[in-house]
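Enquirer: Starting off with a structure, shown below.
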Amino acid sequence: MEYLVPFLLALTGMFLAPRFQSEAPKKTLVVVILLYMILLMGFRYRVGMDTMIYMKKMEEIPPINVLMRQNILDQVYEPAYLIICSVCKYFTKEFWPIQMVMNTIMTTCVFIFLYRNCKNVFTGIFVFLLLQWLYYSTEIMRESVAISIFLLNYKNLEEKKWIRYYLFSLFSISFHYSAALVWFLPFVRFLKPNFAYILFCIGMLAITPIVEEFNKIVNIGIVTQKLRYYVDQAEILNMNWRIAEMIKTGFPAILALVMYRYSHLENKYTHLVLLQFLFCCGAFAVPVIFQRFSNYTSVFVTVSLANYIGTRNVGVNLRAVVLGAILMSQTIYYYSMWPTWYPYVSVFEPEKNPAREEFFRIVW
C-alpha cells in the first residue's frame, strides 16, 4: 500500500543510520523519503476532507491577472495561499499543482527541522508519519505550511534573534492567521510542571466565556468571523470527540513528560510539551481554537519522543513500549479518519470513491 512505503523506508533508516560512515548515505535516504512523500501527496485526488473543500472553493479564486485588480485582503483565504492558488489557476484549472506546491513547502521544512533536532532523523520521520503526516498533508494544508515555516523560524527564537523571528513570522501568518500564536511563544519558557501549571490547566477548562466576550468586543473582519465560528463549534463537538482528541494529542505530550522524568533525562522542549498539554485542556472548553493551537506545538512533542526512543541509555524494551504507546494513542483517530484517506487515489486515475464522497456529504 502506498502509505506504508515511507514508514518502511524510515524504519530501514532507523536501523541503518548508526552504520553509516558518512552523512552522504543518510542524506540520500532522507531525500528519497522526502520526494516520495511530496509526490504521493501532491498527486492525490480527493484524498482528505479539507482537500475536497479546498478543491470546491478553488472555483471562487480568480486567476492572478484578475486577482491583482482586487483587494487581496477581502478574499476568503490568507494572502500567501491565495496567491499560490491564483498563480496555479492562471495556468490550469487542476488542483494538484496547488497540492504539490503546498506539500513541497510543508514536508521540506518539517524534514529540515527534524534533521537539525533529532538524534536519529529517521526516528523523527517515523514518529512524524505516525502523529502528523496525513493530517498535515490532507486536512490542514494552509495551516501546516504556516507551522512548517515557524519550525524553520524557531532557530531564530532559540538564538534570541527577535527582529528576524518576528519578521519571519509574517510568512507563517500570510498562510494562516492562527500563526499569530507564534508571537507569544517566546514567553512560554516560564512553564514548569508544578502546582501553578496544574491550576492553569484546570483554569483553561473554563475559558469559553472569556473567548465569547473577546469575540463580541474585538472586530477584526474575517478573523472575528472565524473566531465566532470556532466558538460555536464547541456546542457541536461532543464529549466523545474531546476525549478522543485528548488521547490523540494530549497523551503523547504526557508520555514524553513522564518518560523523560522517569529516565532522568533533559528535554529542551519541555516547556513546549507542557504548552501542548495546556492547549489540550483548553480544547475541552473551545475545541477547534485550542486544537488548532496545539498543531503548532505537536512537532516538538514528536521530536521529544523521537529523541527519547533514540537514546541509547534507555533500554530497548522501554523504548519499544513508548513506541507502542504512541501507536495505541492514534488508533481512535485513524479509525475515524481512515475513510477519508483510504483507498489512495491519484490524479492519473481520478475516480471518486463512493464511500469517501458519502462520508464528505455527511460530515459537511
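The values are calculated or read from the model by the stated rules, or taken from the named source; none is laboratory data. For clarity, every value in this text was computed on a predicted model and none was experimentally measured. Neighbour counts are summed over all protein chains in view; Cβ atoms, including those assigned to glycine, are modelled from backbone coordinates with ideal geometry. Side chains included, ligands, DNA and RNA excluded: accessible areas come from the protein's heavy atoms. Shrake-Rupley method; radii C 1.70, N 1.55, O 1.52, S 1.80 Å.
Enquirer: With the requirement that a residue be buried (at least 22 other Cβ atoms within 10 Å of the Cβ), under 14 Å from the mean Cα position of the chain (by Cα) and assigned to a helix (DSSP H, G or I), what does segment 290-306 give you?
Expert: Scanning segment 290-306 gives 290, 294, 295, 298, 299, 300, 301, 302, 303.
Enquirer: Touching a residue at least 24 places away in the same chain (Cβ under 8 Å), in contact with a Pro (Cβ under 7 Å, 6 or more places away or on another chain) and open to solvent by less than 40 Å² (accessible area, probe 1.4 Å): does that describe residue 346?
Expert: So residue 346 does not fit the description; no.
Enquirer: What number goes with the only condition from (1) closer than 28 Å to residue 49 by Cβ; (2) touching a Lys or Arg at 6+ places or on another chain (Cβ under 9 Å); (3) in a loop (DSSP other than H, G, I, E, B) that residue 311 does not pass?
Expert: Evaluating residue 311 over (1) closer than 28 Å to residue 49 by Cβ; (2) touching a Lys or Arg at 6+ places or on another chain (Cβ under 9 Å); (3) in a loop (DSSP other than H, G, I, E, B) leaves (1) as the failure.
Enquirer: Select from segment 258-270 the residues that are more than 11 Å from residue 304 (Cβ to Cβ) and part of a helix (DSSP H, G or I) and write down the one among them that is most open to solvent (accessible area, probe 1.4 Å).
Expert: 261
Enquirer: If you go through segment 3-20 one residue at a time, do you hit one that is open to solvent by 50 Å² or more (accessible area, probe 1.4 Å), over 21 Å from the mean Cα position of the chain (by Cα) and either of a type in the set (Gly, Ala, Ser) or at positive phi (or both)?
Expert: Within segment 3-20, none of the residues are open to solvent by 50 Å² or more (accessible area, probe 1.4 Å), over 21 Å from the mean Cα position of the chain (by Cα) and either of a type in the set (Gly, Ala, Ser) or at positive phi (or both).
Enquirer: Separate question: Hand me the list of helices (runs of 4 or more DSSP H) wholly inside segment 112-192 holding 1 or more residues that are open to solvent by 10 Å² or more (accessible area, probe 1.4 Å), touching a Ser or Thr at 6+ places or on another chain (Cβ under 8 Å) and within 23 Å of residue 323 (Cα to Cα).
Expert: 121-131
Enquirer: Still on this structure, please answer the following. When you scan segment 217-240, do you find a residue that is at pLDDT 50 or above, in a helix (DSSP H, G or I) and open to solvent by 40 Å² or more (accessible area, probe 1.4 Å), even just one?
Expert: yes
Enquirer: Restrict the check to segment 101-108 and report whether at least one residue is open to solvent by 50 Å² or more (accessible area, probe 1.4 Å), touching a Cys at 6+ places or on another chain (Cβ under 8 Å) and at negative phi.
Expert: Yes: segment 101-108 contains one or more residues that are open to solvent by 50 Å² or more (accessible area, probe 1.4 Å), touching a Cys at 6+ places or on another chain (Cβ under 8 Å) and at negative phi.
Enquirer: How about segment 319-364: which of its residues are more than 27 Å from residue 243 (Cβ to Cβ) and assigned to a helix (DSSP H, G or I)?
Expert: Within segment 319-364, 319, 354, 357 qualify.
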